[in-house]
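Input: one structure, supplied below.
The values are calculated or read from the model by the stated rules, or taken from the named source; none is laboratory data. Computed from a predicted model, the values in this text were never measured in an experiment. For neighbour counting, all protein chains shown are included, and Cβ atoms are generated from backbone atoms with ideal geometry for every residue, glycine included. Accessible surface is based on the protein model in full, side chains and every heavy atom, while ligands, DNA and RNA are left aside. Shrake-Rupley method; radii C 1.70, N 1.55, O 1.52, S 1.80 Å.
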Amino acid sequence: MFDSLLVANRGEIARRIIRTAARLGVRTIAVYSEADASLPYVREADEAVLIGPAPPGQSYLNVAAILDAARQTGAQAIHPGYGFLAENAAFAAAVRDAGLVWVGPPPEAIDALGDKVNARNLMAKAGVPVAPGTERPVADVAEAIDAAEAIGYPVMVKAAAGGGGIGMGIARDAEELRAAYETARARAERFFSSPEIFLERYIERARHVEVQVLGLADGRVVALGERDCSVQRRHQKIVEETPSPAVSAELRSRILAGAVAAAEAIGYRNAGTVECLVDQATQEYVFLEMNARLQVEHPITELVTGIDLVEEQLRIAAGLPPAADLDTVTPTGHAIELRVYAEDPVRFLPRPGAITGWREPTGEGIRVDAGYEAGSVVTPYYDPLLAKLCVHAADRDAAIERARAAVRDFVIEGPITNLSFFDRLLTHPRFVSGEYDTGIVAEVNSDDRQ
């Protein structure tokens, strides 16, 4: 194991990585922007380096500044967390070229998965089910309309270089497709510096289910169960649970096997997530994308398996065998994660501001991964995720009950948060029944307004 680790991220995920590294006796180095100087993760690291002003392009996306911080502090390895540079193949290669250990998948795998069309084609060749769609980006709106006619409406319009739901749109006819195409193209150019767009058949009332995989140092790939991520706003997840209440034992077996095949097809190493859409009517699934990093929602897999995924990431990067016998892991109980944001609970728009009060829920089966505390300031420069409230219990009903109590015990004063939305969600009949889909957020807010 290397003896020092620079965490090229901020907030709760930087704090989370620092905690495991410290437990393993690895010296930790934090990097921070001027806006984040007083956040908890900065003082909890063994050393911290200022890398620039608040705008991400001048700090957390500044490759030269991060590598310089690693050189200054004698860091032997870099963990990118999620977001920012985590899935940047050029950054991963630059870390390796600097003689440092990259805690993540090979740059070649990141590159192969970064282009969503290429990833689709790779998975299809590996025998992983994919939705009907275009095998290359469409050249213009006329070609998009022709493709949609061949695929069959409704279609999902997506950025080929995209992620996080940015730029995605649904079209049910040619008129809607024209509008969705132009919107997706503009947003793809703005956020990903690539205007390329592709189409896929849209699955009505789908469940978003993903599989946690680990590509081990010895070349094996293991799957550690699935997570249901169907509670979304703007195609972005805000609640996850494991196991998925929509997945039968037979379907689970197929999805897990498909995820392993997907990772093996590209020689994947380290932690990754294979995302799928499940058609509840047919109990069939299709590959959506593969995220070449640690996911925001990894804690619920940790809660049901007892495995520290960050520790396994560090061990894989160091060329070591896993700390646990991953071949015999059997998930137990049920876990739920609620992403607590500084945002209004109806329109889900950011609400930055100073935190004047902060009291986390405690007790059996409750875990809070937080990036802030009383006295912290939520700035408008970054994603407004404050904390991940996670619960674990013997079964789903007990987990929901524990989550309700934890939400009501979580006190955040200052910024407006989405905690009141979770209070409504966790008592909504459709969520409680487990028979919900990716439209559940709109349904909860619609029912609340009636």
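For Arg71 and Ala374, compute 0.36 nm times the residue count separating them, minus their Cα-Cα distance, and round to one decimal in nm.
Working: separation 303, 0.36 × 303 = 109.08 nm, distance 3.33 nm.
Extra length from Arg71 to Ala374 when fully extended: 105.8 nm.
What are the ³J(HN,Hα) couplings of segment 334-347, residue after residue, when phi is run through the Karplus curve with 6.51, -1.76, 1.60 and θ = phi - 60°? Round to Hz, x for glycine and proline.
3J(HN,Hα) across segment 334-347, in whole Hz: 9, 10, 9, 10, 10, 8, 8, 10, 7, 7, 6, x, 10, 8.
Suppose the chain between Arg404 and Gln58 were pulled fully straight at 0.36 nm per residue; how much longer would it get relative to their current alpha carbon spacing? List each step's numbers first, then the result.
On the way: separation 346, 0.36 × 346 = 124.56 nm, distance 4.00 nm.
Contour length minus Cα-Cα distance gives 120.6 nm.
A further question on this structure: Could I have the simple spin-label model distance between Glu435 and Ala139, label points 7 Å from Cα toward Cβ, reported in nm to one decimal?
Spacing of the two 7 Å Cα→Cβ label points: 4.8 nm.
I'd like the Karplus ³J(HN,Hα) series for segment 231-244: coefficients 6.51, -1.76, 1.60, θ = phi - 60°, whole numbers in Hz, and an x wherever there's a Gly or Pro.
Result, ordered by residue: 7, 9, 10, 6, 6, 10, 6, 10, 9, 9, 9, 9, x, 6 Hz.
Estimate the FRET efficiency between Glu250 and Arg43 by the formula 1/(1 + (r/R0)^6), using the beta-carbon distance for r and 45 Å for R0, to the nearest 0.05.
Details: r = 50 Å, r/R0 = 1.10.
Here the calculated transfer efficiency is 0.35.
Moving on to the next point. Compute the distance from the alpha-carbon center of segment 352-428 to that of segment 257-302, in whole Å.
Taking the Cα centre of segment 257-302 as reference, the centre of segment 352-428 is 26 Å away.
Roughly how many nanometres apart are two label points built 7 Å out from the Cα toward the Cβ at Ser420 and Arg205?
3.2 nm
Now, a different point. Please give the length that would be gained between Glu189 and Ala354 if that part of the chain were fully extended, namely 0.36 nm times their separation in residues minus their C-alpha to C-alpha distance (nm, one decimal). Could the numbers behind the result be given before it?
Working: separation 165, 0.36 × 165 = 59.40 nm, distance 3.31 nm.
Stretched fully, the Glu189-Ala354 segment lengthens by 56.1 nm.
In the chain, what percent of the accessible surface is made up of carbon and sulfur (1.4 Å probe, ligands and nucleic acids excluded)?
Numbers: 8480 of 17070 Å².
It is 50 percent, rounded to a whole number.
While we're here: Per residue of segment 207-223, what does 6.51 cos²θ - 1.76 cosθ + 1.60 with θ = phi - 60° give for ³J(HN,Hα)? Whole Hz please, x for Gly and Pro, Karplus curve as stated.
Working through the residues one at a time gives 9, 9, 10, 10, 10, 7, 10, 10, x, 7, 4, 8, x, 6, 10, 10, 10 Hz.
On to the next question. How do the peptides 22-33, 267-278 rank, highest first, by the average count of neighbouring beta carbon atoms within 10 Å per residue? Each step should come with its number before you reach the end.
Working: 22-33: 19.9, 267-278: 23.6.
Sorting 22-33, 267-278 by mean packing, highest first, produces 267-278, 22-33.
Determine the per residue accessible area of the chain with all protein chains present and a 1.4 angstrom probe, expressed in square angstrom.
On the way: 17070 Å² over 450 residues.
Normalised by residue count, the accessible surface of the chain is 38 Å².
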